[in-house]
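Inspection log for the structure reproduced underneath, given as structure tokens.
The values are calculated or read from the model by the stated rules, or taken from the named source; none is laboratory data. Here the structure is a predicted model, which is why all the values come from computation and not from measurement. Ideal geometry is used to build each Cβ from the backbone, glycine not excepted, and the neighbour counts take in all protein chains shown.
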Amino acid sequence: NAGVTQTPKFRVLKTGQSMTLLCAQDMNHEYMYWYRQDPGMGLRLIHYSVGEGTTAKGEVPDGYNVSRLKKQNFLLGLESAAPSQTSVYFCASSNTQENTEAFFGQGTRLTVV
Amino acid sequence: QQQVKQSPQSLIVQKGGIPIINCAYENTAFDYFPWYQQFPGKGPALLIAIRPDVSEKKEGRFTISFNKSAKQFSLHIMDSQPGDSATYFCAASGNRGSTLGRLYFGRGTQLTVWP
């Protein structure tokens, strides 16, 4: 049972490049989330999904897009990377509306130069 | 606007001490308050959680105290150990509107326990 798996684990991008972060969960969870973690800022919600085919904006959605074509996968896209998007990105999933337990992946460390 | 305010930002205690981390919120729609623990290079993991119908919850050496009227809750770690050194996040989620299906996190407290 892998839980929540994120790929890649590390990536360096040049300003203006695009990339997609993949999150996969094998717990049949309905809810999936993308957070970014920056020093002193905690975890901030970028986008989330309450089920297959749905997406919604979080606190800091600008510059990111997401898709949830399959229940087990949640993709985070950066169309034109900026240095301000240098961060550690975490995907999470949960099986209840009230997030009684969110399971997190190991994170993706992204550097935009 | 920070929905959940957490303090202190960092905390250093000796082994056996009782670190206390505090959080405050304003949104009365919040009705679930978890704490997450994160070790370096790992994702956060649920440590303990509480609902507003109780004022205290204990799991092992970890205790949450909850003050509904003050809209505050805190984490106490009894007999702290070097292995407890980690970053701790408080969070909140709710049962209606924009709080439903979302976790709002505090900014985290980096705890160091010296042997």
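For (1) more than 14 Å from every other protein chain (Cβ to nearest Cβ); (2) surrounded by 19 or more Cβ atoms within 10 Å (Cβ to Cβ); (3) among the aliphatic types (A, V, I, L, M); (4) in a strand (DSSP E or B), each residue gets a yes or a no:
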| position | (1), (2), (3), (4) |
| --- | --- |
| B:Gly17 | yes, no, no, no |
| B:Pro34 | no, yes, no, yes |
| B:Leu46 | no, no, yes, yes |
| B:Ala91 | no, yes, yes, yes |
| B:Gln110 | no, no, no, yes |
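Residues checked against (1) in contact with a Leu (Cβ under 8 Å, 6 or more places away or on another chain); (2) in a strand (DSSP E or B):
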{"site": "A:Ala2", "(1), (2)": "no, no"}
{"site": "A:Thr15", "(1), (2)": "no, no"}
{"site": "A:Leu21", "(1), (2)": "yes, yes"}
{"site": "A:Tyr35", "(1), (2)": "yes, yes"}
{"site": "A:Arg44", "(1), (2)": "no, yes"}
{"site": "A:Val60", "(1), (2)": "yes, no"}
{"site": "A:Ala81", "(1), (2)": "yes, no"}
{"site": "A:Thr96", "(1), (2)": "no, no"}
{"site": "A:Glu101", "(1), (2)": "yes, no"}
Worksheet entry | Top-ranked residue in segment B:93-108 [being assigned to a strand (DSSP E or B) and buried (at least 22 other Cβ atoms within 10 Å of the Cβ); ranked as modelled with the lowest pLDDT] | B:Gly94
Worksheet, complete the sentence: Residue pairs qualifying under the 8 Å Cβ cut-off, at least six apart or on distinct chains, with the first in segment A:33-45 being more than 9 Å from chain B (Cβ to nearest Cβ) and the second being among the β-branched types (Val, Ile, Thr), are A:Trp34/A:Ile46; A:Trp34/A:Val66; A:Arg36/A:Ile46; A:Arg36/A:Val60; A:Arg36/A:Val88; A:Asp38/A:Val88
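Right, B:Gln9: at the interface with chain A (Cβ under 10 Å from one of its Cβ atoms) and in contact with an Asp or Glu (Cβ under 8 Å, 6 or more places away or on another chain) or not? Let's see the steps before the verdict.
Values: at the interface with chain A (Cβ under 10 Å from one of its Cβ atoms): yes; in contact with an Asp or Glu (Cβ under 8 Å, 6 or more places away or on another chain): no.
For B:Gln9, the condition - at the interface with chain A (Cβ under 10 Å from one of its Cβ atoms) and in contact with an Asp or Glu (Cβ under 8 Å, 6 or more places away or on another chain) - is not met.
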Discussion item. Here's a check for you: in segment B:69-85, which residue that is buried (at least 21 other Cβ atoms within 10 Å of the Cβ) and in a strand (DSSP E or B) is farthest from the chain's Cα centre (by Cα)?
Written reply: B:Ile77
Discussion item. Looking for something touching a strand residue (DSSP E or B) at 6+ places or on another chain (Cβ under 9 Å), within 12 Å of chain A (Cβ to nearest Cβ) and not in a strand (DSSP E or B) - is there at least one such residue anywhere in segment B:52-64?
Written reply: no
Discussion item. For segment A:74-113, give me the residue count where each residue is over 24 Å from B:Gly41 (Cβ atoms), more than 10 Å from chain B (Cβ to nearest Cβ) and out of contact with any Gly (no Cβ under 6 Å at 6 or more places or on another chain).
Written reply: 4
